[in-house]
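Everything on this sheet refers to the single structure shown next.
The values are calculated or read from the model by the stated rules, or taken from the named source; none is laboratory data. A quick note: this is a predicted structure, and the numbers were derived from the prediction, not measured. Note that each Cβ is placed from the backbone with ideal geometry, even for glycine, and that neighbours are counted across all protein chains shown.
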Amino acid sequence: MSTFLQGLALVSHFSTLAWCAFGAVLGIVLGALPGLTATMGIALVIPISYQLDTATGIGLLLAVYCGAVAGASIPAILLGIPGNPNAIATVEDGQLMTRKGLAGQALGGAVIASLIGGLGSEIFLIFFSPLIAKMTLAFGPAEKCTLSLVGIVIIAAVSGNSILKGLLMGALGFVFAFLGPDPMSGAARMPFAAYLRKTPLANGFDMTSTLIGLYGVSQVFFELDNLRQNKKGNICTDIGNIFPPFKKIVSMWKVILSSLGIGTLIGAIPGTGASIAVFMSRNAAVGICERSKGKLDVPGTGCLEGVFAPEVANNAVTGGALIPALSLGIPGDSATAVLIGALMINGVTPGFSLFSQNMPLVYSIFLTLAIANLFMALFQLAGVRLYPKVLLISQRVLMPIVLILSFIGPYALCGSSVSKGVFFMGTALFMGVVGYFMKKNGYPLAPIVLGRILGSMFEEQFRRGVKLGGGNFSRFYSSPICWFFIILSVLIVVSTVLRHRKAKKNE
Amino acid sequence: MKKILAVVLALALVLALGAVSFADFEPDYEKTITLIVPQGAGGGTDTQARQLVEAMKQVSGFDNIIVENVTGGSTGIGTNQVIDAEPDGYTLLMYGTYVICGTMTGNTDGYKGLDFLDGLSLEPFMIAVPTESPYQTLDDLIQAAKADPGKIVLGNAGATATTGVVAYGLSIACDNAFNVVPFNGGAELIPAVLGGHADAGIFSQSEVQANADGLRPLVFLGDGHSVIPEFAEVPNMADAGYGDLVVPGGCFRGICTTKGSPEEMEKWVADVVEEAYNSELFQGWLNGAGLLGQFSKLEDFEAFNLDMIETMKPIIQATGLAVGEYAE
């Protein structure tokens, strides 16, 4: 208890609160701007955190982290452009809700979901850290490979009406994923390798630029089309209630719990990340809602469930990613990797020794994380009435701004490396054209992003798993976790096919 | 009052300048010196760069020094950016063993396009196993590997990372007895070894330190013994009975700049870095992080680098990753 009080003393300064508040606002703004990621936001404030007390500095970093993950939902809901990869699964239902005139509820719901995810995963972090850290150690390459397999079959499930089109786009995502350095040897793997290996393409298509291109740039082209045909976009500026009814939230407890669990666990497994967590939890929510006998709406129809599931999950990832970061010194995602670096610059070595030697600091980290989450919710909620004003702006003004932001984001990713920045802008433009033609012809965007992310993960972990077994599959069939995921994959495929058959019969 | 202030400021300036003895050369104080780190923010290389820059600002009075992380292409992208920069000596590279790997594997022109300023440090590696592992010594591990070649997994942080070179080097020296598996950085290697997915791994000391309850260091790969008290007892290669194996013992780091930069500027930077290296701030950090200081300057650093290249060439060749002249 005395160590807890010492921890409390470390954070109970006005400056800690002020910096947390600043970090949360900065994070929300960065998260809401397309292409600016949580990782970048943290890197941006490291120099500031260096000047502050350790506990205050860490509070600032955590606030930026939470804010950026939560803020990404704002453009996803209003414009259909995710601020960063954390919000890709929020786009579909968020957009549908906005069109229905429920933008206020979607935005408010996203904030509450983020708060539940953030604080919920923190409870796991505080009480079950050692246990979960041990659990994630059971995830070796073979297990991660089969986990990504689950994600891949979800491609079929998120494909909307046409499984075939979805799978096709998933395959295209895989093609994009396979471009770049060979994950095992680092050898250049691309056409014209002799020339391209010294360009930024040596790293393949950058993930963030790809995402911004597919969702942001393509959206601008699409609206441009509408303007030319003088079609009035059916934008609804009435935002309705901000707070979703309390009863509704309570009725979704199963969705919330499953998303919280999935987000925390996936966040805690290094090398996986929020993108897979949000789609998995959304998929789980579909199952739960279908079995609810009409009490809950099924995600995909423009309902609060479809916003809650991914938004709980992506903020649960933040707490989850801190579990291995603090208890093992291993980053759960790229944002926590930067965070660990910042901790070390601040003179704190995360890991075993942190818990055994510096409990007050650990408590202060827990406290600032809670404070950061509360500020995040407070500030984002404060603006909910404001954000939808964006929709009042004429498309003729708004779209050029979106286009500019879509290029600034990828460019800013590269610091002052001009050639790389220009290349990333080119990637965004290329993907924008690809995305435009896909949208126009009714091909879904989500599978291509999922394929891009999971393709890399599947290939890398598959090859490493086989290499670990000395060239055979022994690591796969000797692991119960692998069997679990393989069976889960089969079940998802079967249930998706059955669902589609049923839907066809009903038509 | 103003006068006193002016005198104090002037004095401070004189003292600051006097602290470093430069020839007549003065850099352009309006310009910015950029130290490019070809690895991500927060890693060991990045932390060292940031510490060095703080010390450089202190000793030189030159405030416009920034660190920039340019990642990708197995450190090739950042390295190429320095090679292609204006040769004015204001763009510096955090050079390291990884640049040699990148040069031999064809990701960058590497050391051929660079001028060498200061060698700084060696970060010694350790081989560690999970605490519950049956292998108590390096000999146990190597004997087990030789008894059933390809069964014992030796993990590392990536084929073109320095730990990768060390792992391949060790395995080759043991008649390819190990199953050398590259992971995606320490972040994936540590849990894989802790979770028993790999039998042993090659780590930096700070990585082992952070997981002291889960990892058991078998051998210290640097010269002599660790300067970190808790690892001082860990045997080195000679203690372990494998003194005759030639394996790179760690990652060395230094400062380079674009080839063909003005000689006076190179000399000035090299002097400032030397002063910064000897500062209390940098030395304190170096010891705390368990790194071995190993300073060399200009032509000495270049000669040191040539030695390193000779050691690494046969290993990179044996991995099959070498291209062009290095493959022969």
Filtering segment A:270-289 down to residues that are touching a residue at least 40 places away in the same chain (Cβ under 8 Å) and under 16 Å from A:R499 (Cβ atoms) yields A:R282, A:N283, A:V286, A:G287
Which of the residues that make up segment B:250-283 are closer than 14 Å to B:M94 by Cβ, in a strand (DSSP E or B) and among the small types (G, A, S)? B:G254
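Rundown of residues vs (1) part of a helix (DSSP H, G or I); (2) acidic (D, E); (3) within 14 Å of another protein chain (Cβ to nearest Cβ); (4) buried (at least 23 other Cβ atoms within 10 Å of the Cβ), yes/no style:
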{"residue": "A:G104", "(1), (2), (3), (4)": "yes, no, no, no"}
{"residue": "A:A110", "(1), (2), (3), (4)": "yes, no, no, yes"}
{"residue": "A:I123", "(1), (2), (3), (4)": "yes, no, no, no"}
{"residue": "A:T136", "(1), (2), (3), (4)": "yes, no, yes, yes"}
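Here is a yes/no grid of residues against (1) basic (K, R); (2) more than 10 Å from every other protein chain (Cβ to nearest Cβ); (3) free of Cβ contacts under 8 Å to residues at least 60 places away in the same chain; (4) touching a Cys at 6+ places or on another chain (Cβ under 8 Å):
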site	(1), (2), (3), (4)
B:Q48	no, yes, no, no
B:N64	no, yes, yes, no
B:E68	no, no, yes, no
B:T71	no, no, yes, no
B:I77	no, no, yes, no
B:Q81	no, no, yes, no
B:E86	no, yes, no, no
Selected residue (only one of A:I58, A:I42 is crowded, with 24+ Cβ neighbours inside 10 Å, within 13 Å of another protein chain (Cβ to nearest Cβ), under 27 Å from A:L10 (Cα atoms) and in contact (Cβ under 8 Å) with a residue 60 or more places away in the chain): A:I42
Consider A:A76 against the criteria (1) without any contact (Cβ under 8 Å) to a residue 24 or more places away in the chain; (2) surrounded by 23 or more Cβ atoms within 10 Å (Cβ to Cβ); (3) under 20 Å from A:L119 (Cα atoms): it satisfies all of them except one. Which criterion is unmet? (3)
Which of (1) part of a helix (DSSP H, G or I); (2) under 16 Å from the mean Cα position of the chain (by Cα); (3) among the small types (G, A, S) is the odd one out, the single condition A:A21 does not satisfy? (2)
Checking B:L215 against (1) out of contact with any strand residue (DSSP E or B) (no Cβ under 7 Å at 6 or more places or on another chain); (2) within 14 Å of another protein chain (Cβ to nearest Cβ): exactly one of these is not met. Which one? (1)
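Residues that are without any contact (Cβ under 8 Å) to a residue 60 or more places away in the chain, surrounded by fewer than 18 Cβ atoms within 10 Å (Cβ to Cβ) and assigned by TED's automatic domain parsing to the domain that holds B:N80: does segment B:245-262 have at least one? Break it down into steps so the answer makes sense when it comes.
Quick first cut of segment B:245-262, residues without any contact (Cβ under 8 Å) to a residue 60 or more places away in the chain only: none.
No; the residues of segment B:245-262 include none that is without any contact (Cβ under 8 Å) to a residue 60 or more places away in the chain, surrounded by fewer than 18 Cβ atoms within 10 Å (Cβ to Cβ) and assigned by TED's automatic domain parsing to the domain that holds B:N80.
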I need the full set of residues from segment A:185-211 which are assigned to a loop (DSSP other than H, G, I, E, B) and at pLDDT 80 or above, in order please. A:M190, A:P191, A:F192, A:G204, A:F205, A:D206
Give the residues of segment B:50-62 that are away from chain A (no Cβ under 13 Å) and either charged (D, E, K, R) or part of a loop (DSSP other than H, G, I, E, B) (or both), sorted by residue number. B:G61, B:F62
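Output the number of residues of segment B:24-46 satisfying the condition of being part of a loop (DSSP other than H, G, I, E, B) and either within 13 Å of chain A (Cβ to nearest Cβ) or among the β-branched types (V, I, T) (or both). Before you say what the answer is, go through the steps one by one.
Applying the first criterion (part of a loop (DSSP other than H, G, I, E, B)) to segment B:24-46 yields B:24-32, B:38-43.
If we keep only those that are either within 13 Å of chain A (Cβ to nearest Cβ) or among the β-branched types (V, I, T) (or both) as well, we get B:32, B:38-43.
The number of residues fulfilling the criteria is 7.
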Residues (modelled with pLDDT under 90 and assigned to a helix (DSSP H, G or I)) located in segment B:284-306: B:G284, B:W285, B:L286, B:N287, B:G288
Given the condition within 25 Å of A:V418 (Cα to Cα), buried (at least 24 other Cβ atoms within 10 Å of the Cβ), in contact with a strand residue (DSSP E or B) (Cβ under 9 Å, 6 or more places away or on another chain) and hydroxyl-bearing (S, T, Y), answer yes or no: does some residue in segment B:57-71 qualify? no
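Condition check ((1) within 26 Å of A:T336 (Cα to Cα); (2) not assigned by TED's automatic domain parsing to the domain that holds B:I142) across all residues:
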position: B:V166; (1), (2): no, no
position: B:A177; (1), (2): no, no
position: B:L189; (1), (2): yes, no
position: B:D239; (1), (2): no, yes
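Residue by residue, here is whether (1) without any contact (Cβ under 8 Å) to a residue 12 or more places away in the chain; (2) farther than 30 Å from A:K502 by Cβ; (3) among the hydrophobic types (A, V, I, L, M, F, W, C); (4) within 14 Å of another protein chain (Cβ to nearest Cβ) holds:
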site	(1), (2), (3), (4)
A:P141	no, yes, no, yes
A:V158	no, no, yes, no
A:N161	yes, no, no, no
A:G166	no, no, no, no
A:M190	no, yes, yes, yes
A:Y195	yes, yes, no, yes
A:D206	no, yes, no, yes
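Being buried (at least 24 other Cβ atoms within 10 Å of the Cβ), over 30 Å from A:V362 (Cβ atoms), of a type in the set (D, E, K, R) and in contact with a helix residue (DSSP H, G or I) (Cβ under 7 Å, 6 or more places away or on another chain): is that true of A:E311 here?
Details: buried (at least 24 other Cβ atoms within 10 Å of the Cβ): yes; over 30 Å from A:V362 (Cβ atoms): no; of a type in the set (D, E, K, R): yes; in contact with a helix residue (DSSP H, G or I) (Cβ under 7 Å, 6 or more places away or on another chain): yes.
No, not satisfied.
Taking helices (runs of 4 or more DSSP H) that do not extend beyond segment A:421-507, which have at least 3 residues that are in contact with a helix residue (DSSP H, G or I) (Cβ under 6 Å, 6 or more places away or on another chain), within 29 Å of A:A284 (Cβ to Cβ) and within 14 Å of chain B (Cβ to nearest Cβ)? Before the answer, list the steps.
Working: elements: A:446-468, A:474-477, A:480-506.
Per the criteria, A:446-468.
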Scan segment A:415-437 for residues that are at pLDDT below 90 and either surrounded by 18 or more Cβ atoms within 10 Å (Cβ to Cβ) or of a type in the set (S, T, N, Q) (or both) and jot them down. A:G415, A:S416, A:S417, A:S419, A:K420, A:G421, A:F423, A:F424
Considering only segment B:148-191, state which residues are in contact with a strand residue (DSSP E or B) (Cβ under 6 Å, 6 or more places away or on another chain) and among the small types (G, A, S). B:G150, B:G155, B:G158, B:A159, B:G164, B:A167, B:S171
May I ask you to verify whether B:L321 is crowded, with 17+ Cβ neighbours inside 10 Å, touching an Asp or Glu at 6+ places or on another chain (Cβ under 8 Å), within 14 Å of another protein chain (Cβ to nearest Cβ) and at pLDDT below 90? no
When the residues of segment B:184-197 are narrowed to those that are more than 7 Å from chain A (Cβ to nearest Cβ) and within 15 Å of B:P130 (Cβ to Cβ), which ends up surrounded by the fewest Cβ atoms within 10 Å (Cβ to Cβ)? B:G196
Considering only helices (runs of 4 or more DSSP H) wholly within segment A:292-406, the ones with at least 1 residues that are away from chain B (no Cβ under 14 Å) are A:304-327, A:359-382
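Please verify whether A:P244 is modelled with pLDDT of 80 or more, over 28 Å from A:A76 (Cα atoms) and either more than 24 Å from the chain's Cα centre (by Cα) or part of a loop (DSSP other than H, G, I, E, B) (or both), treating the condition exactly as stated. If you could, list the steps in order and put the result at the bottom.
Values: modelled with pLDDT of 80 or more: yes; over 28 Å from A:A76 (Cα atoms): no; either more than 24 Å from the chain's Cα centre (by Cα) or part of a loop (DSSP other than H, G, I, E, B) (or both): yes.
Spelling it out, it is not the case that A:P244 is modelled with pLDDT of 80 or more, over 28 Å from A:A76 (Cα atoms) and either more than 24 Å from the chain's Cα centre (by Cα) or part of a loop (DSSP other than H, G, I, E, B) (or both).
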